[in-house]
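**Q** Just passing along the structure, written as structure tokens.
The values are calculated or read from the model by the stated rules, or taken from the named source; none is laboratory data. Small disclaimer: the values here were computed from a predicted structure and weren't measured. Note that we place each Cβ from the backbone using ideal geometry, even for glycine, and neighbour counts take in every protein chain shown. Quick note on the areas: whole protein, heavy atoms, side chains included, nothing else; ligands and nucleic acids left out. Shrake-Rupley method; radii C 1.70, N 1.55, O 1.52, S 1.80 Å.
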Amino acid sequence: MVDTLRPLAVVTGASTGIGLELAGCCMRDGYDLVIVANEPEIHAAQSKLSALGATVEAFEADLATPEGCEQIYAALKGRPVAALLANAGVGLGKGFLDQEFEAWSRVVDTNVMGTLYLIQKIGRDMRARREGKILITGSIAGFMPGTYQAVYNGSKAFLDSFSFALRHEIKESGVTVTCLMPGATETEFFARADMLDTKVGTDEKDSPAFVAKQGFEAMKNGEGQVIAGWKNKMQAAIAHVVPSDVTAEMHAKMAKPGTGKSAA
Ligand SMILES: NC(=O)c1ccc[n+]([C@@H]2O[C@H](COP(=O)([O-])OP(=O)(O)OC[C@H]3O[C@@H](n4cnc5c(N)ncnc54)[C@H](OP(=O)(O)O)[C@@H]3O)[C@@H](O)[C@H]2O)c1
């Protein structure tokens, strides 16, 4: 059990990708870690991070369920969480009418329900202590309609909006809320979302280490939001002024099945 004088960070979705890099940022900044993912690979992440000198506890829990979230909250055993990095999330490609209920509802349950569940539990404790930092991994996808990724983009629009609202609801509490909004990032995300036959799935992407560093620094400074990288900042700015019909078509060109490099 983590029981030192170092502050404790909880990082969800820390087995791979952006979450693993966020955990690395926390570790280098002097946090002990509780890391969470749904699959046993989280223990490999624990070994990697522990080898670098941090005290790391790893838990397998399905954060798409209230039970999985409760399991993690119970594992904290009342210890104060200095930083919650709510990062676990899944994508899903293809047209909505062609997706199965089990697949799209899991996107909603993981990205929205599970994220909010844990934030509420840990956030209440932070508010009572009048200190704490919350980082939510939203996405620039939340700024545009996700043609061929409709449920995912909708879930990220929810998280982006929720993050800004929560930040202001608790602005006098000593707890800060930061929204990390990456663009396309080189992780297992696109393979898991069955999007390797799409342009966005096969194009060059940002490195997860770069994205995580931007998010971590913003969280540390108590900033409200950070869009990782200038190209993504441009894309977000365009999405704010261009009609939704246009951005929906732009998204189709990136996410339509059969648009990937190998399919050309
Ligand atoms: N990659 C991108 O282009 C991109 C862009 C914008 C935002 N994001 C967001 O960044 C976050 C991290 O994604 P990533 O790109 O790093 O992808 P990734 O490499 O696929 O990592 C996703 C992480 O979330 C965990 N996870 C998924 N479902 C879970 C569940 N039900 N319970 C517990 N853990 C679960 C995964 O663990 P298991 O393998 O154990 O399930 C994994 O650790 C997500 O919220 C994603 O939406 C990604």
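**Q** Mind listing whichever residues of the range 174-190 are open to solvent by 10 Å² or more (accessible area, probe 1.4 Å), without any contact (Cβ under 8 Å) to a residue 60 or more places away in the chain and either of a type in the set (D, E, K, R) or more than 8 Å from the ligand (Cβ to nearest atom) (or both)?
**A** 174, 176, 186 - these are the residues of the range 174-190 that are open to solvent by 10 Å² or more (accessible area, probe 1.4 Å), without any contact (Cβ under 8 Å) to a residue 60 or more places away in the chain and either of a type in the set (D, E, K, R) or more than 8 Å from the ligand (Cβ to nearest atom) (or both).
**Q** Something else now. Show me the helices (runs of 4 or more DSSP H) found entirely inside the range 111-201 where at least 3 residues are among the small types (Gly, Ala, Ser).
**A** Working: elements: 115-129, 150-169, 189-192.
Of the helices (runs of 4 or more DSSP H) lying wholly inside the range 111-201, those with at least 3 residues that are among the small types (Gly, Ala, Ser) span 150-169.
**Q** So, one more: Scanning the range 155-166 for residues that are in contact (Cβ under 8 Å) with a residue 24 or more places away in the chain and open to solvent by 40 Å² or more (accessible area, probe 1.4 Å), which turns out farthest from the ligand (Cβ to nearest atom)?
**A** Looking at residues that are in contact (Cβ under 8 Å) with a residue 24 or more places away in the chain and open to solvent by 40 Å² or more (accessible area, probe 1.4 Å), I get 164.
**Q** Being open to solvent by less than 20 Å² (accessible area, probe 1.4 Å) and not aliphatic (A, V, I, L, M): is that true of residue 132 here?
**A** yes
**Q** Out of all the residues in the range 231-264, which are open to solvent by 90 Å² or more (accessible area, probe 1.4 Å) and either touching a residue at least 60 places away in the same chain (Cβ under 8 Å) or among the aliphatic types (A, V, I, L, M) (or both)?
**A** To start, the set of residues in the range 231-264 that are open to solvent by 90 Å² or more (accessible area, probe 1.4 Å) comprises 231, 233-234, 240-241, 245, 249, 253, 256, 261-262, 264.
234, 240, 241, 249, 256, 261, 262, 264 - these are the residues of the range 231-264 that are open to solvent by 90 Å² or more (accessible area, probe 1.4 Å) and either touching a residue at least 60 places away in the same chain (Cβ under 8 Å) or among the aliphatic types (A, V, I, L, M) (or both).
**Q** Can you name the residue in the range 50-72 that is at pLDDT below 95 and assigned to a helix (DSSP H, G or I) and, of all such residues, is farthest from residue 86 (Cα to Cα)?
**A** 51
**Q** To continue, here is another question. When only residues in the range 70-96 that are within 11 Å of the ligand (Cβ to nearest atom) and among the aliphatic types (A, V, I, L, M) count, which is surrounded by the most Cβ atoms within 10 Å (Cβ to Cβ)? Before you say what the answer is, go through the steps one by one.
**A** As a first pass, look at the range 70-96 and keep what is within 11 Å of the ligand (Cβ to nearest atom): 71-72, 85-92.
From what's left, among the aliphatic types (A, V, I, L, M): 72, 85-86, 88, 90, 92.
On the way: 72: 21, 85: 31, 86: 29, 88: 25, 90: 19, 92: 24.
In this case the residue turns out to be 85.
**Q** Quick one: in the range 96-137, of everything that is farther than 28 Å from residue 228 by Cα and of a type in the set (Asp, Glu), which residue is farthest from the chain's Cα centre (by Cα)?
**A** 98
**Q** For the range 211-230, give me each residue that is surrounded by fewer than 16 Cβ atoms within 10 Å (Cβ to Cβ) and either of a type in the set (Phe, Trp, Tyr) or at pLDDT below 95 (or both).
**A** 230
**Q** Moving on to the next point. Only residues in the range 125-141 that are more than 20 Å from residue 23 (Cα to Cα) count as the first member; pair them with residues that are open to solvent by less than 10 Å² (accessible area, probe 1.4 Å) and in a strand (DSSP E or B), Cβ under 6 angstrom, at least 6 apart or cross-chain, and list the lot.
**A** Within 6 Å, the pairs are 127/175; 140/181.
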